[in-house]
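Novice: Questions regarding the structure given below will be posed in turn.
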Amino acid sequence: MKSGKIVLQQTELQLLPEKAVFLPEFQTLCIADWHLGKAAHFRKAGIALPQPDLSLEFDKLSRLIDRYDAQQVILLGDIFHSDLNKDWFHFEEFIKAHAHIAWIITMGNHDLPGKAKFSSLGINATDEFRLGNRIIGTHHPLENVPEDCLNIAGHVHPGCEIFTPARQTFKLPCFHYSRSVLTLPAFGGLTGLFILKPDEHNRIFPIIGDEVKEIRFNRSNS
């Protein structure tokens, strides 16, 4: 796996192909939009959705914590897309197994268990979280980011289109940076993509296989 190392607002970030961001200065890992419990939530409403193998997603996050020796994990909202079901109990067991980690969640519109339930697991449940004096973590991207600050957010499920010389088009999850906001791709497997169109204000970092690359778009790509 090959991360994309970038510097935004005087802060080094590693954009990871596992759809996460690591901030070495703070020993902090960030993910967004896991949407645990979503399949069961929709099946309860009579809508058949396949259940992803959540053990793979829990294992992926555990490996990231170990690989980067993360001391803190910020969950940037829409982590649990349901009332309590069996997926919640798997999530609870995972948090307890990583009790040495400081856990924070910036609440999203789909976090149906509510702040009190997340707090009962020892997770700091809030609407906004700050790292130092430059980093602001939220679920929804901020419309107005304070000067010299970087907003790291989720919610959007950003994706982009890659065009090949053979006239093929691929839709890929990506990290998206624009106007001091870095938007993360959705961590969960049961999520879609919102295709973002490039312009002169954007930087787009698609996940291509097992690496993250910045793609420079020209007029033919837009």
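Novice: Ignoring GluC sites (Glu not before Pro) that are buried or in helix or strand per DSSP, and keeping those with at most 16 other beta carbon atoms within 10 Å, what is the longest stretch of the chain between them?
Specialist: Between exposed loop sites, the widest span is 1-127.
Novice: Hey, another quick one. Relative to the longest principal axis of the C-alpha atoms of the chain, give the angle of the C-alpha long axis of helix 86-97, reported between 0 and 90° and rounded to the nearest 10°.
Specialist: So the inclination is approximately 90 degrees.
Novice: Now for a separate question. Size of the dipole of region 108-222 about the Cα centre, Lys and Arg at +1 and Asp and Glu at -1 on the beta carbon, nothing else charged, in debye to 20?
Specialist: Rounded to the nearest 20 debye, it is 240 debye.
Novice: Which value, in Å² and to the nearest 10, is the accessible area of Asp127 when all protein chains are kept and the probe is 1.4 Å?
Specialist: 90 Å²
Novice: Take the Cα coordinates of the chain, assign each an equal point scatterer, and use the Debye formula without solvent to give log10 I(q)/I(0) at q = 0.11, 0.17 Å⁻¹.
Specialist: Treating every Cα as an identical point scatterer, log10 I(q)/I(0) equals -0.53, -1.25.
Novice: How large, in percent, is the carbon and sulfur part of the accessible surface of region 99-222 at a probe radius of 1.4 Å?
Specialist: 48 percent
Novice: Any idea what the relative contact order of region 85-205 is, in percent, if you count C-alpha pairs under 8 Å spaced at least 6 apart?
Specialist: So the answer I get is 17 percent.
Novice: Another one. So what is the accessible area of the chain per residue, in Å², with the probe set to 1.4 Å?
Specialist: With all protein chains present, the chain gives 49 Å² per residue.
Novice: Which whole-number percent gives the relative contact order of region 103-151, counting Cα pairs below 8 Å spaced six or more residues apart?
Specialist: RCO, region 103-151: 33 percent.
Novice: As a quick test, which of the pairs Lys5/Lys197; Lys171/Lys213; Lys60/Lys171 have an alpha carbon distance above 19 angstrom in this structure?
Specialist: As for pairs spanning more than 19 Å Cα to Cα, those are Lys5/Lys197; Lys60/Lys171.
Novice: How tilted is helix 54-67 with respect to the longest principal axis of the chain? Cα atoms for both, answer in degrees (0 to 90, nearest 10).
Specialist: It is inclined by approximately 70 degrees.
Novice: If I take every Cα pair under 8 Å that is 6 or more residues apart in the chain, average their sequence separation and divide by the length, what percent do I get for the relative contact order?
Specialist: 20 percent
The values are calculated or read from the model by the stated rules, or taken from the named source; none is laboratory data. Everything numeric in this text was worked out from a predicted model, so none of it was measured. All Cβ positions, even for glycine, are placed from backbone atoms using ideal geometry, and neighbour counts span all protein chains on display. For the accessible areas, the whole protein counts, side chains as well, though only heavy atoms, and no ligand, DNA or RNA atoms are used. Shrake-Rupley method; radii C 1.70, N 1.55, O 1.52, S 1.80 Å.
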